[in-house]
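Undergrad: Pasting a structure below so you can have a look.
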Amino acid sequence: MTERVVDVQDAWRERGLVDDAKYREMYEASVSDPETFWGEHGKRIDWMTPFTKVKDTSFAPDNVSIKWFEDGKTNVAHNCIDRHLETRGDQVAIIWEGDDPNDDKHITYKELHGEVCRWANVLKNRGVEKGSRVILYLPMIPEAAYAMLACARLGAIHAIVFGGFSPDSLASRIKGCEAKLVITADEGLRGGRKVPLKANVDEAIKRLDDASVDHVVVVRRTGGNVTMEAGRDVYYDEAAKEVTDDCPAVPVEAEHPLFILYTSGSTGQPKGVVHTTGGYLVYAAMTHEYVFDYHEGDVYWCTADVGWVTGHSYIVYGPLANGATTLMFEGIPTYPTNGRFWEVVDKHKVNIFYTAPTAIRSLMGGGEAPVKKTSRKSLRVLGSVGEPINPEAWEWYYKVVGDERCSIVDTWWQTETGGILITPLPGATKLKPGSATRPFFGVQPVMVDAEGKELDGKCEGNLCIKDSWPGQMRTVYGDHERFEQTYFATYKNLYFTGDGARRDEDGYYWITGRVDDVINVSGHRMGTAEVESSLVAHKKVSEAAVVGYPHNVKGQGIYAYVTLNEGEEGDDALRKELVAWVRKDIGPIASPDLIQFSPGLPKTRSGKIMRRILRKIAEDDFGSLGDTSTLAEPAVVEDLIENRQNRA
Ligand code: PRX
């Protein structure tokens, strides 16, 4: 098959912030002299104390230390709000589109300032100060952005927990960062269905013997009935009556933590990824401007949830630092109809739209009609994030949604990277459907083989990054050693991404997916170990192994092999029970799609589960199981194949 190349259209180049020559020139400057490059671009935000040092970073395996702009002081909320007041106080900062199509709101920068100050004062009255940790467990309502910015204003550190996580998952995150205050809503509303957020918070706190939580602030979203514990819980609207809308932004060091965000890895409990203030904001704002080719006055919409890093960097911090109008959507792509995205695009005249391949694939199933019914004339740039976009979905996005008129940016990055690392730039980069293309300024991808040998030119291997960029995570909260071990111990002096990739003859990167025990379900990252430990906690389960398999809509589905205790019967009723168990334990995003009961799992003689074999069987590709000579009991494999769930 010849590879399709989509040239940069004249209109993209003319409007683009950079063309190909400029990209090459800036890229070269950024990697040959990062100090000068970032010293200059570091000034795109306001500094209360200007920095004199730009970069002090080391990837030495047992002494990883990452500092950017370290002697500068600034405040993220000041940069996202206050500095815009003079020039664009009356411009809309946030367009909120509710779950119900008749529900929306426009919030100007001036209004945002008032709301955030009031929120900051409510938090301050409850003991929140610089360095305090605050958990946010909220639906996609403007209050989520207010609360994030209020924390930033005070120098407090927010840790957002996605509203789809269970009370147990919430509890472990509250405990992990010893949060004193939790912000939630009575209930969330998605696709017409209510989510019992406050009840989940109550459950979570109850589960912690020694809960650090002194206060729960509750936003009224649905007005649903919830239990309020006297002395601990307060409705936000009542607390807000007691405060003014004046609250100065606290200057903090560039390396002061801005947020913690928990993410899944290949082992153990989710890690608290720590991002700091100065470098993160510079990087989020700069990538938002260049990658989406953002121009003054554009309406920009990222469909992610603020519970994920995409929501942090590209709904709130990047766009607002740039003084953009950012759209926040409470609902889902298929409610009330599967034309909702495009109706919202027309309603608010969206110019830049950023979503995940899984959403595109699910809408493809509904055909072209719901798209073609809408105009989408305002659209100019279409972004993709979260997982590899298959060429078929890319073409549909390009042709059906974008009418072959919009550029597509397939952006590769991670919670750990803080912002986009590999991506096309609309005015500069020829596109190849399925490739994230070239590195952003300052990013030096390196391909290595399993032994850590650096590969040249066209190759396939593991993707690492040489040298730091300002948006990089700084540590794992409370466990710097885990940070070093996870990302810097595999390949010397390199940051290891956990992704495999291919580099083609043009130097373009094609991300092939995770090479560790992390799976990507509908763009959501899940550790197979987490699902396994949930399954084995069930009283009928003796052992479990979880792998991913290709899924038409979700990208990857969750395939669980389960060995039951003596005397237990594996049937459909128990399958349902186990799915419900995992949903309750971790959250709906972790529900196994397929469960296979098996009398045993394939193990080496030393007792290690051979996941390679389990993956092949789950993919229904058992003709090529590879070397099985180290199996302790070869008969186990025959049974697994015989009773496989995923038959092509
Ligand atoms: O495997 C890569 C995949 O998502 C992982 C990161 O997940 P998370 O930290 O949840 O962040 C998602 C949003 C930034 C990566 O290791 N991934 C993300 N974007 C892409 C991607 N894979 C291929 N192409 C992408 N554009």
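The values are calculated or read from the model by the stated rules, or taken from the named source; none is laboratory data. On a predicted model such as this, the values are computed, not experimentally measured, just so you know. Don't worry about glycine lacking a Cβ; one is built from the backbone with ideal geometry, like all the others, and counts go over all protein chains shown.
Yes/no matrix, rows are residues, columns are (1) among the aromatic types (F, W, Y); (2) touching a residue at least 60 places away in the same chain (Cβ under 8 Å):
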position	(1), (2)
D572	no, no
P588	no, yes
F597	yes, no
I613	no, no
F622	yes, no
D627	no, no
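Undergrad: I need the full set of residues from the stretch 298-318 which are in a helix (DSSP H, G or I), more than 13 Å from the chain's Cα centre (by Cα) and of a type in the set (F, W, Y), in order please.
TA: Within the stretch 298-318, just Y317 meets the criteria.
Undergrad: Moving to a separate point now. Test G39 against the stated conditions and say whether it is surrounded by 14 or more Cβ atoms within 10 Å (Cβ to Cβ), farther than 27 Å from H158 by Cβ, in contact with a Lys or Arg (Cβ under 9 Å, 6 or more places away or on another chain) and free of Cβ contacts under 8 Å to residues at least 24 places away in the same chain.
TA: It is true that G39 is surrounded by 14 or more Cβ atoms within 10 Å (Cβ to Cβ), farther than 27 Å from H158 by Cβ, in contact with a Lys or Arg (Cβ under 9 Å, 6 or more places away or on another chain) and free of Cβ contacts under 8 Å to residues at least 24 places away in the same chain.
Undergrad: Can you name every residue in the stretch 380-408 that is more than 9 Å from the ligand (Cβ to nearest atom), closer than 18 Å to C302 by Cα and β-branched (V, I, T)?
TA: V381, V401, I408
Undergrad: Please go through the stretch 352-379 and give me each residue that is more than 16 Å from the ligand (Cβ to nearest atom), small (G, A, S) and outside any helix (DSSP H, G or I), ordered by number.
TA: The answer is G365, G366, G367, S375, S378.
Undergrad: If V553 satisfies all but one of (1) within 22 Å of the chain's Cα centre (by Cα); (2) more than 27 Å from M364 (Cβ to Cβ); (3) not in a strand (DSSP E or B), what's the number of the condition it fails?
TA: With respect to (1) within 22 Å of the chain's Cα centre (by Cα); (2) more than 27 Å from M364 (Cβ to Cβ); (3) not in a strand (DSSP E or B), V553 is out only on (2).
Undergrad: Of all residues in the stretch 235-263, which are of a type in the set (A, V, I, L, M), away from the ligand (no atom under 16 Å from the Cβ) and within 30 Å of the chain's Cα centre (by Cα)?
TA: A249, V250, V252, A254, L258
Undergrad: Which members of the stretch 295-310 meet the condition of being farther than 16 Å from V385 by Cβ and either touching a strand residue (DSSP E or B) at 6+ places or on another chain (Cβ under 7 Å) or within 12 Å of the ligand (Cβ to nearest atom) (or both)?
TA: Correct list: D298, V299.
Undergrad: With the requirement that a residue be part of a strand (DSSP E or B) and either away from the ligand (no atom under 11 Å from the Cβ) or in contact (Cβ under 8 Å) with a residue 60 or more places away in the chain (or both), what does the stretch 500-525 give you?
TA: Kept after step one, since they are part of a strand (DSSP E or B), are these residues of the stretch 500-525: 500-503, 509-514, 518-521, 524-525.
Result: R502, R503, Y509, W510, I511, T512, G513, V518, N520, V521, H524, R525.
Undergrad: Looking at the stretch 238-253, can you tell me whether even one residue there is acidic (D, E), within 20 Å of L138 (Cβ to Cβ), in contact (Cβ under 8 Å) with a residue 12 or more places away in the chain and out of contact with any helix residue (DSSP H, G or I) (no Cβ under 9 Å at 6 or more places or on another chain)?
TA: First, pick out the residues of the stretch 238-253 that are acidic (D, E): 238, 242, 245-246, 253.
Applying the additional criterion that residues be within 20 Å of L138 (Cβ to Cβ) yields 238.
Narrowing the set further to residues that are in contact (Cβ under 8 Å) with a residue 12 or more places away in the chain leaves none.
No, the stretch 238-253 contains no residue that is acidic (D, E), within 20 Å of L138 (Cβ to Cβ), in contact (Cβ under 8 Å) with a residue 12 or more places away in the chain and out of contact with any helix residue (DSSP H, G or I) (no Cβ under 9 Å at 6 or more places or on another chain).
Undergrad: Could you say whether any residue in the stretch 572-589 is in contact with a Pro (Cβ under 9 Å, 6 or more places away or on another chain) and of a type in the set (G, A, S)?
TA: For the stretch 572-589, residues in contact with a Pro (Cβ under 9 Å, 6 or more places away or on another chain) and of a type in the set (G, A, S): absent.
Undergrad: Another question, if that's okay. Just one of (1) within 15 Å of the ligand (Cβ to nearest atom); (2) closer than 30 Å to A590 by Cα; (3) among the basic types (K, R) trips up R438, so point out which.
TA: The one condition R438 does not meet is (2).
Undergrad: Would you mind listing the helices (runs of 4 or more DSSP H) fully within the stretch 6-81 where at least 3 residues are within 13 Å of A428 (Cβ to Cβ), in contact with a helix residue (DSSP H, G or I) (Cβ under 6 Å, 6 or more places away or on another chain) and modelled with pLDDT of 95 or more? Outline the logic, then answer.
TA: Working: elements: 10-15, 20-32, 34-41, 76-80.
Helices (runs of 4 or more DSSP H) meeting the threshold: none at all.
Undergrad: In addition: Taking W469 as the residue in question, decide whether it is out of contact with any Phe, Trp or Tyr (no Cβ under 7 Å at 6 or more places or on another chain) and within 16 Å of the ligand (Cβ to nearest atom).
TA: In short, no.
Undergrad: Under 6 Å between Cβ atoms, which residue pairs at least 6 apart in sequence (or on different chains) link something in the stretch 384-407 that is under 16 Å from E3 (Cα atoms) with a partner that is more than 11 Å from the ligand (Cβ to nearest atom) and assigned to a helix (DSSP H, G or I)?
TA: Final answer for the pair search is A393/I360; A393/R361.
Undergrad: How about the stretch 409-428: which of its residues are away from the ligand (no atom under 12 Å from the Cβ) and crowded, with 24+ Cβ neighbours inside 10 Å? Before you say what the answer is, go through the steps one by one.
TA: We begin by selecting, within the stretch 409-428, every residue away from the ligand (no atom under 12 Å from the Cβ); these are 425-428.
Those that are away from the ligand (no atom under 12 Å from the Cβ) and crowded, with 24+ Cβ neighbours inside 10 Å: L425, P426, A428.
Undergrad: Given the criteria surrounded by fewer than 23 Cβ atoms within 10 Å (Cβ to Cβ), part of a loop (DSSP other than H, G, I, E, B), touching a His at 6+ places or on another chain (Cβ under 6 Å) and modelled with pLDDT of 95 or more, does G323 qualify?
TA: yes
Residues are listed down the side, and each one gets a yes or a no for (1) hydrophobic (A, V, I, L, M, F, W, C); (2) over 19 Å from the mean Cα position of the chain (by Cα); (3) on the phi > 0 side of the Ramachandran plot:
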residue	(1), (2), (3)
K492	no, yes, no
G500	no, no, no
Y509	no, yes, no
G527	no, no, no
S534	no, yes, no
K540	no, yes, no
Y561	no, yes, no
A580	yes, yes, no
F597	yes, yes, no
